[in-house]
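Student: Let me give you the structure first, and then I'll get to my questions.
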Amino acid sequence: MANVSIRVDDMVKRQAERICSELGLSLSTATNLFYKKMISYGGIPFELKVDPFYSQENQEHLEHVINNYYNGKSKTVQKDMAELEEMEE
C-alpha cells in the first residue's frame, strides 16, 4: 500500500473531514474512492469549469455598475417586506 502526502488548506481539510465523518468515512477512504472513480471514469469525475462570476466580461460589468453608483448615475432600490411580498405575487 502506498502513502500519499498532499498539502491542503486547513479550512478545506476540516470541512472535508466533517463531511466524511457525517458519511462515516475517513479522509483516506474518501481519497481512495476519488482515485477509484477517477480510474473508472478515465479522468476527473466531475466537470471542471471557470466560475463565470470571475470572467473578464462580468468583472467589467461589475466595475461599470459600481462606477455608475459612485458617480450618481444609479440608485439603490429600497423595498420593505410588504412590497417584496407584493412583487412575489
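Student: Take the residues of segment 50-61 that are at pLDDT 90 or above and acidic (Asp, Glu): which is most open to solvent (accessible area, probe 1.4 Å)?
Tutor: Glu57
Every residue, every condition in (1) open to solvent by 100 Å² or more (accessible area, probe 1.4 Å); (2) acidic (Asp, Glu); (3) modelled with pLDDT of 95 or more, yes or no:
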residue	(1), (2), (3)
Asn3	yes, no, no
Phe34	no, no, yes
Leu48	yes, no, no
Val65	no, no, no
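Student: While we're looking at this one, here's another question. When segment 5-26 is examined, which residues are found to be surrounded by 10 or more Cβ atoms within 10 Å (Cβ to Cβ) and of a type in the set (Val, Ile, Thr)?
Tutor: Residues satisfying the conditions are Val8, Ile19.
Student: Also, quick follow-up: What pairs come up if the first residue lies in segment 35-63 and is within 27 Å of Ile6 (Cα to Cα), the second is open to solvent by less than 100 Å² (accessible area, probe 1.4 Å) and among the β-branched types (Val, Ile, Thr), and their beta carbons are under 8 Å apart, counting only those six or more places apart or on different chains?
Tutor: Met38/Ile44
Student: Next up: Are any residues in segment 65-89 within 30 Å of the chain's Cα centre (by Cα) and among the polar types (S, T, N, Q), and if so, which ones?
Tutor: Those that are within 30 Å of the chain's Cα centre (by Cα) and among the polar types (S, T, N, Q): Asn67, Asn68, Ser74, Thr76, Gln78.
Student: Turning to a different aspect of this structure: Evaluate segment 69-85: report whether one residue or more is surrounded by fewer than 11 Cβ atoms within 10 Å (Cβ to Cβ) and within 30 Å of Val8 (Cα to Cα).
Tutor: No, every residue in segment 69-85 fails to be surrounded by fewer than 11 Cβ atoms within 10 Å (Cβ to Cβ) and within 30 Å of Val8 (Cα to Cα).
The values are calculated or read from the model by the stated rules, or taken from the named source; none is laboratory data. Because the structure is predicted, anything quoted here is derived from the model rather than measured. Neighbour counts run over all protein chains shown; Cβ positions are idealised from the backbone, glycine included. Areas reflect the complete protein model, heavy atoms only, side chains present, ligands, DNA and RNA absent. Shrake-Rupley method; radii C 1.70, N 1.55, O 1.52, S 1.80 Å.
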